[in-house]
Amino acid sequence: MTPDRRTAVRASVCSSTRYIVRLIHSHLGFYFEFSGFELPPLSNKEGTVLTVTMMLLKDIKPAASNNIDTRFILLDKGRISAEGQNKTCLALVADETAAVHFQLWGQECDFFQTGDIIHLSNGIFSYQRKNLLLRAGKRGKIQKAGEFTMSYVETPNMSEINWSPDPNNRKKYIQGSVISNYSRIFPPVR
C-alpha cells in the first residue's frame, strides 16, 4: 500500500466502556466514527454527506429486508452442515447489549473463528425453518474487523424471543415473551 493510501485506525475505550473506532482515510479525504449509535452526517472534501449507522443487537427486529449494519464478536460456532451443495453453520454472536444466533454460509464457515470481531453490512434478521437468525443473506456482506477486544453480554438472546406480527402494520413485529434468556443451542459455560 502506498503512503498516500495508508489507512490509520485507532481504537480507544471511552468512559462508558463502549468501543469507538476512528477511521481516517487520507486518499478519500473523509473520516467517520461509530460506536453503536446514529452519528451526525459528516462530509468529505467534495462536500458529499456521509452517514454511518451502527445498530445495536438489542435493537434488531425480524424483517424481510436487508437493513442491519452492526458489529459483534463471534463467541461460539456449531458444526458445519451441508444443505444441498452449500455448507452452513450456526454461530453465537454478541455485542455489549445482546446476543443472537448468526448463520455463516459457504467459505464463511471456515474463515471466521471464535473471538473474531465481525462487521455486518445490510444484514437480515428473519425466520429460517422456524428459527430466528441474523445473517448476511444475498445482499449483505460480512468482514472481519478485529479479534478479541470487544465487551459483550450473552443475555438477552434476540433469537430466543417470541415475536408476533404487529396488527397495525403487517411488515413489523412486536416483541413478545422470552423463551430463554440464554441461547438454548449454545448454553453458557458455568
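Condition check: in a loop (DSSP other than H, G, I, E, B) and of a type in the set (S, T, N, Q). Does N181 satisfy that?
It is true that N181 is in a loop (DSSP other than H, G, I, E, B) and of a type in the set (S, T, N, Q).
Candidates are the residues of the range 150-171 that are part of a strand (DSSP E or B), within 20 Å of the chain's Cα centre (by Cα) and touching a residue at least 40 places away in the same chain (Cβ under 8 Å); the one that is surrounded by the fewest Cβ atoms within 10 Å (Cβ to Cβ) is W163. Of all residues in the range 146-178, those that are of a type outside the set (D, E), in contact with a strand residue (DSSP E or B) (Cβ under 8 Å, 6 or more places away or on another chain) and closer than 21 Å to A63 by Cα total 16. Scanning the range 39-54 finds no residues that are modelled with pLDDT of 80 or more and either part of a strand (DSSP E or B) or in contact with a helix residue (DSSP H, G or I) (Cβ under 7 Å, 6 or more places away or on another chain) (or both).
Out of contact with any His (no Cβ under 8 Å at 6 or more places or on another chain) and surrounded by 14 or more Cβ atoms within 10 Å (Cβ to Cβ), is that true of G115? Working first, answer last.
On the way: out of contact with any His (no Cβ under 8 Å at 6 or more places or on another chain): yes; surrounded by 14 or more Cβ atoms within 10 Å (Cβ to Cβ): no.
Answer is no for this residue.
Among the residues making up the range 100-110, those that are out of contact with any Leu (no Cβ under 6 Å at 6 or more places or on another chain) and either modelled with pLDDT of 90 or more or assigned to a strand (DSSP E or B) (or both) are L104, W105.
When G137 is tested against (1) in a strand (DSSP E or B); (2) of a type outside the set (S, T, N, Q); (3) within 16 Å of the chain's Cα centre (by Cα), just one condition goes unmet, and that condition is (1).
The values are calculated or read from the model by the stated rules, or taken from the named source; none is laboratory data. The shown structure was predicted, so the numbers you read here are calculated from the model rather than taken from an experiment. FYI the Cβ positions are ideal-geometry reconstructions off the backbone, even for glycines, and counts take in every protein chain you see.
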